[in-house]
Every structure is written in structure tokens, then in C-alpha cells.
Amino acid sequence: MVQPAAPAGRRTENVVLVTLDGVRTQEIFGGLDLDILRSTLRSDARVEETRAYQRYWAPTAEARRERLMPFFWSTLMTRHGSIAGNVARGSSVRVTNRHRFSYPGYAEILVGEAHDDVIDSNDKRRNPYPTVLEFFRRRLGLDAHQVAAFASWDTFDWIVEHETGTITSNAGFDRYDPPSPASPRQAPPSPAAAAQARDDATIDLLNRLQTETLTPWDAARHDAYTFRFAMTHLKAFRPRVLYIAFDETDDWAHDGRYDRVLDSLHGIDDHLRELWTALEGDAGYRDRTALVVTADHGRGNTAADWRDHGSRIAGAEQIWMAFAGPDWPVRGEWRDSEPIYQNQVAATLAQALGLDYAGERPNAGRPIAKLLSR
């Protein structure tokens with residue numbers, strides 16, 4: 001039997017998880033890092049003449065981060081939510097896996113615990129453990145199209161589910177083919193919108209363009225396609241559980257393109273604005289949806305190691321988490337708080353829906369208690 005884990009009068013009926021691959025706390029809380037930008041330029045170049053400086057520089061950390069992510073900071077975190085992870089404010093968020101790279105990080109988020117002895121590479125191997133997404137489908141009695149994951153990195157098809165086909169998964173250069181119901185019970189909540197999505201020439205065009213507008217990386221498509229497919233699915237099939245995993249921030253960092261890291265973050269901010277506007281504009285989602293935004297790992301702290309992450313890179317264990325939801329009254333930056341951990345995301349999402357994840361995975365991190373404080 002499902003045991004409510006949230007206060008009486010819980011309003012949350014849907015959850016949305018968004019991850020930004022390898023985005024450092026420094027950019028989230030401080031915007032453009034001038035030392036890193038300088039380190040990427042030729043010795044004779046003037047940083048003030050760069051496009052990145054002109055777009056994102058400001059004298060204070062607060063002004064820089066708002067120029068970089070204006071919706072996130074001026075609206076989402078001010079009026080609707082809160083964010084943890086700014087060590088300068090006495091808030092810390094850390095991963096518990098020792099590897100500090102992507103598959104172990106995403107598995108920790110989705111399973112609720114690290115398994116360093118088993119999940120120790122980014123290889124395309126089926127997740128050895130059922131994820132919280134599969135838990136939601138089973139415990140809430142949902143159909144596959146009501147629990148959906150859209151990701152830019154192709155390995156997500158292997159990460160998000162232990163049993164293939166449990167949820168809707170679209171990753172890498174997968175075509176997005178809006179599902180047709182196999183039975184009347186599986187009919188989407190918005191049949192007309194679903195039918196339109198299946199016949200939409202724009203979706204067909206996006207399916208072709210994602211393989212024609214190639215990225216520099218074999219395993220990841222542009223985040224814009226991931227977001228468009230996710231938004232189409234959101235509007236047509238109205239999932240109770242949606243996961244969007246952006247990737248370009250990490251790949252551009254590995255390539256040393258700090259300017260592109262900043263541009264990608266700025267673009268994701270616009271995606272978050274569009275996503276939140278869609279949720280707020282729909283009576284089925286407005287004031288009924290919890291949103292969590294976080295990263296799979298951090299990366300190096302300095303101009304010498306910011307491109308990298310892993311077990312030997314100081315700073316790669318530090319991440320951040322942002323929260324917005326009708327049952328989470330905390331607002332703004334967390335200050336002087338107890339540390340929280342990546343392995344708490346799964347149970348926190350479950351608690352938002354009134355479910356006890358400890359019954360599924362007794363060793364998983366516990367729900368984040370501060371979110372319920374007033």
C-alpha cells in the first residue's frame with residue numbers, strides 16, 4: 001500500500017526532472033568565470049572584445065548569473081523555487097559515487113544510490129537496477145507514454161530503465177515517433193493533440209534535421225531537438241513524469257569551448273522558461289507539478305582543470321540542485337544548511353507524489369527534509 005510521505009493536502013500530481021550535464025556550481029551561482037574565459041583565448045586577444053564577455057559579463061556574481069540565466073534567477077528561483085549548492089552561502093550538494101562522471105551520476109540520480117563496483121563506465125550497458133521512473137510507472141499504474149525521458153546523449157536509452165520498454169525513452173539520434181495506443185486504456189489524455197503530433201510535418205522535419213545538423217560528437221544530438229521532442233510529448237500525451245536531459249554543456253567543456261558552454265546554458269535557460277510557461281499555462285500542470293533541476297557531476301575549479309571531471313579532479317563532487325513545486329515553500333538560495341546529496345533526488349521526487357521510495361530501495365538517500373520546512 002502506498003504510504004503518503006508528504007503533508008496532508010499534498011497538491012503535487014506530476015514531476016519533471018531536468019539535468020544539465022557537467023554544469024559547475026561556479027557558473028550557476030556566479031555566471032561567467034573571467035579567468036577561464038581568458039585561458040581559452042590567444043595571448044594577443046583582449047577578453048573585453050569577445051562576444052562572451054560582451055553578452056555575459058557584469059561586475060557582480062549576482063548580475064553575471066542573471067545575465068547568463070535570466071529566467072532561472074529573476075523568475076524561477078525568486079518567485080517559485082529554491083536552489084542549494086552555493087558553498088559561499090553555507091550550502092553544499094555532493095555526489096556520493098566516487099567516479100564523478102556521467103553514467104554513475106545519472107544512475108545515482110535515478111536509482112537513489114551509488115553502485116561504484118558495478119556502474120563504473122559510460123559504456124552502453126543496461127542499467128543493472130530499476131530506476132525511479134520505472135517505480136513511478138508501476139506504483140502509479142501509468143502507461144509507458146505517461147513516464148517519458150528525452151535526452152541528447154544516446155547512452156540514456158540504457159540508463160533510464162532496467163527493463164527495456166517500460167517507459168518512453170528517446171535519446172541521442174533516436175527518431176521521435178509519437179506512440180499510438182495499443183488499447184483504449186492506453187489512449188492519451190489528449191487524443192486530438194496526440195493525433196496531430198503523429199501527423200505533424202514539423203516533427204518529421206525535426207527527425208530528419210537532427211541527423212543532418214550534426215554535432216561534433218558521435219553520441220549526442222543538439223539539445224534543441226531533445227527539447228522540441230520533449231515539449232511535443234508533453235503537450236500531446238500529458239505525462240505524469242517527464243525527464244529532460246541536456247548534454248551540450250559537458251561536451252563543449254571537454255572541447256575547451258567555454259564560450260559555447262555559456263551559450264548552451266543561456267539557451268537552456270530559455271528552454272526552462274518555455275517549459276515552465278507551458279506547465280503554468282495548463283490547468284492539469286499548474287500548481288500541481290514539482291520541478292527538480294540538477295547536474296550529474298561537477299568539474300575542475302580552475303583554468304587548468306575546468307574541462308575535466310572524474311575521481312581525481314577536485315570539485316567534480318560538488319553539484320547543485322534547484323527545486324520548484326506547490327508543496328515546497330522554500331524560496332531563493334539555501335543558506336547555512338545541512339549538506340544534501342545526489343542520491344536523495346529519487347526519494348524526493350517520490351515523496352512529492354506521496355510515495356515512499358524507501359520501500360523500494362531501503363538504502364537509497366532519503367527525501368530532502370528542508371523542502372518541507374516553512
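The values are calculated or read from the model by the stated rules, or taken from the named source; none is laboratory data. Please read these numbers as outputs of a predicted model, since none were measured by experiment. For neighbour counting, all protein chains shown are included, and Cβ atoms are generated from backbone atoms with ideal geometry for every residue, glycine included.
Matching residues to (1) small (Gly, Ala, Ser); (2) over 15 Å from residue 346 (Cβ atoms):
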position	(1), (2)
87	no, yes
96	no, no
104	no, no
123	no, yes
128	no, yes
151	yes, yes
161	no, no
* Among the numbered conditions (1) in a loop (DSSP other than H, G, I, E, B); (2) of a type in the set (A, V, I, L, M, F, W, C); (3) at pLDDT 95 or above, tell me where residue 290 comes up short. => (1)
* Asked: Can you name every residue in the stretch 245-283 that is among the hydroxyl-bearing types (Ser, Thr, Tyr) and out of contact with any strand residue (DSSP E or B) (no Cβ under 9 Å at 6 or more places or on another chain)?
  -> 258, 277
* Tell me which of these residue 236 doesn't satisfy, since it passes every other one: (1) part of a helix (DSSP H, G or I); (2) under 24 Å from residue 11 (Cα atoms); (3) within 17 Å of the chain's Cα centre (by Cα). => (3)
* To do: Keeping to the stretch 278-290, report how many residues are within 17 Å of residue 354 (Cβ to Cβ) and of a type in the set (A, V, I, L, M, F, W, C).
  => 1
* Which one of 317, 333, 338, 360 is within 22 Å of residue 30 (Cα to Cα) and in contact with a helix residue (DSSP H, G or I) (Cβ under 7 Å, 6 or more places away or on another chain)? -> 333
* To do: List the number of the failed condition for residue 71; all other conditions in (1) surrounded by fewer than 23 Cβ atoms within 10 Å (Cβ to Cβ); (2) touching a Gly at 6+ places or on another chain (Cβ under 6 Å); (3) not hydroxyl-bearing (Ser, Thr, Tyr) hold.
  => (2)
* If residue 49 satisfies every condition in (1) within 28 Å of residue 251 (Cβ to Cβ); (2) surrounded by 14 or more Cβ atoms within 10 Å (Cβ to Cβ); (3) over 20 Å from the mean Cα position of the chain (by Cα) but one, which is the exception? -> (2)
* To do: Hey, could you check the stretch 250-284 for residues that are outside any helix (DSSP H, G or I) and of a type in the set (Gly, Ala, Ser) and say which is nearest to residue 25 (Cα to Cα)?
  => 256
* **Check on residue 320, in contact (Cβ under 8 Å) with a residue 60 or more places away in the chain, of a type in the set (A, V, I, L, M, F, W, C), surrounded by fewer than 23 Cβ atoms within 10 Å (Cβ to Cβ) and under 29 Å from residue 90 (Cβ atoms)** => no
* Test for residue 336: is it in a loop (DSSP other than H, G, I, E, B), within 15 Å of residue 87 (Cβ to Cβ) and modelled with pLDDT of 95 or more -> yes
* **Which listed residue, of 249, 277, is polar (S, T, N, Q) and either closer than 24 Å to residue 40 by Cα or in contact (Cβ under 8 Å) with a residue 40 or more places away in the chain (or both)** => 249
* Asked: If you check 177, 123, which single one turns out to be modelled with pLDDT under 95 and closer than 27 Å to residue 249 by Cα?
  -> 177
* Please verify whether the stretch 151-169 includes one or more residues that are crowded, with 21+ Cβ neighbours inside 10 Å, hydroxyl-bearing (Ser, Thr, Tyr) and not in a loop (DSSP other than H, G, I, E, B). => yes
* Asked: Name the pairs whose Cβ atoms lie under 6 Å apart, with the first residue in the stretch 281-305 and free of Cβ contacts under 8 Å to residues at least 60 places away in the same chain, the second surrounded by fewer than 24 Cβ atoms within 10 Å (Cβ to Cβ) and assigned to a loop (DSSP other than H, G, I, E, B), and 6 or more positions between them or separate chains?
  -> 300/308; 300/313; 300/315; 305/313
* To do: Please tell me if residue 59 is surrounded by fewer than 14 Cβ atoms within 10 Å (Cβ to Cβ) and modelled with pLDDT of 95 or more.
  => yes
* Asked: Looking at 29, 71, 101, which one is of a type in the set (Phe, Trp, Tyr) and farther than 29 Å from residue 147 by Cα?
  -> 29
* To do: Please identify the pairs in which a residue from the stretch 198-224 that is part of a helix (DSSP H, G or I) has its Cβ atom under 7 Å from the Cβ atom of a residue that is surrounded by 12 or more Cβ atoms within 10 Å (Cβ to Cβ) and among the basic types (Lys, Arg), counting only partners at least 6 apart or on another chain.
  => 206/228; 207/175; 210/221
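Determine whether residue 87 is in contact (Cβ under 8 Å) with a residue 40 or more places away in the chain, crowded, with 20+ Cβ neighbours inside 10 Å and either at positive phi or of a type outside the set (Ser, Thr, Tyr) (or both).
Numbers: in contact (Cβ under 8 Å) with a residue 40 or more places away in the chain: yes; crowded, with 20+ Cβ neighbours inside 10 Å: no; either at positive phi or of a type outside the set (Ser, Thr, Tyr) (or both): yes.
No.
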* Structure fact -> Contact list, first residue from the stretch 95-120 and in contact (Cβ under 8 Å) with a residue 60 or more places away in the chain, second anywhere and in a helix (DSSP H, G or I) and among the hydroxyl-bearing types (Ser, Thr, Tyr), beta-carbon distance below 9 Å, six or more apart or interchain, is 112/357
